[in-house]
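Every read-out reported here was derived from the displayed coordinates using simple, explicitly stated rules and does not represent laboratory data. Model, not experiment: these values are computed from the prediction. Quick reminder, even Gly has a Cβ in these numbers, built from the backbone with ideal geometry, and neighbours come from all protein chains shown.
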Amino acid sequence: MGVYISPYPLLGSINRIAGELGIRQHLLLLMSDKVEKEQITAQKIWDLSTINKEYKDFIKQAQRVKKNNFWPLKAKLLEQKFYELYKKDPHLPQELLPKWWQGERAYQKYKEVVHSY
């Protein structure tokens, strides 16, 4: 058994795709407008503290790396690190993210790395 929670209204799309795949009878789909203490709940469900710490670490690492003869290789390694981290991010709406969220700052740093060589 598994549970998928999304902050986006995907019920119709999931229902349609599940029907096309022939798995609709195996799913229980629920939709709710309100989750009690939604910001705190979101932080726990997606472990935003850990993801945020990894974003902070990425930012620090990207700032420390010096551009030299091996810069394209180092940049590619940083890009890969960001990609792996970005996959973990649930990409929640701003109102569900904590004030201390570093995702956008890390993304800006990633774009600087990508455009640096």
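What to note about this one:
- Rounded to 10°, Cα long-axis angle of helix 71-88 versus longest principal axis of the chain: 20 degrees
- Which label in [x] 2, 9, 11, 10, 11, 11, 11, 11, 9, 6, 4, 2, 1, 1, 0, 0, 0; [y] 2, 8, 9, 12, 14, 15, 12, 9, 7, 6, 3, 2, 1, 0, 0; [z] 2, 9, 18, 16, 13, 12, 11, 9, 6, 3, 1, 0 gives the computed P(r) over Cα pairs in 5 Å bins from 0, in percent: [z]
- Where a label projected 7 Å from the Cα of ASP47 along Cα→Cβ would reach, residues of segment 73-97 with amide N under 16 Å: 84-91
- Charge dipole (Cα centre; +1 on Lys/Arg Cβ, -1 on Asp/Glu Cβ; no other charges) of the chain amounts to roughly 660 debye.
- Inter-label distance, nm, simple model (7 Å from Cα along the C-beta direction), ARG16/LYS76: 4.0 nm
- Projecting the Cα atoms of SER13, TRP71, THR50 onto the charge dipole of the chain (Cβ charges, centred on the Cα centre) puts TRP71 farthest toward the positive pole.
- About its Cα centre, segment 30-99 has a charge dipole of approximately 600 debye under the convention of +1 per Lys or Arg Cβ and -1 per Asp or Glu Cβ, with nothing else charged.
- Cβ crowding within 10 Å averaged over residues, with 76-87, 19-30 ranked highest first: 76-87, 19-30
- Between 0 and 90°, nearest 10: helix 48-64 axis offset from the chain longest Cα axis: 20 degrees
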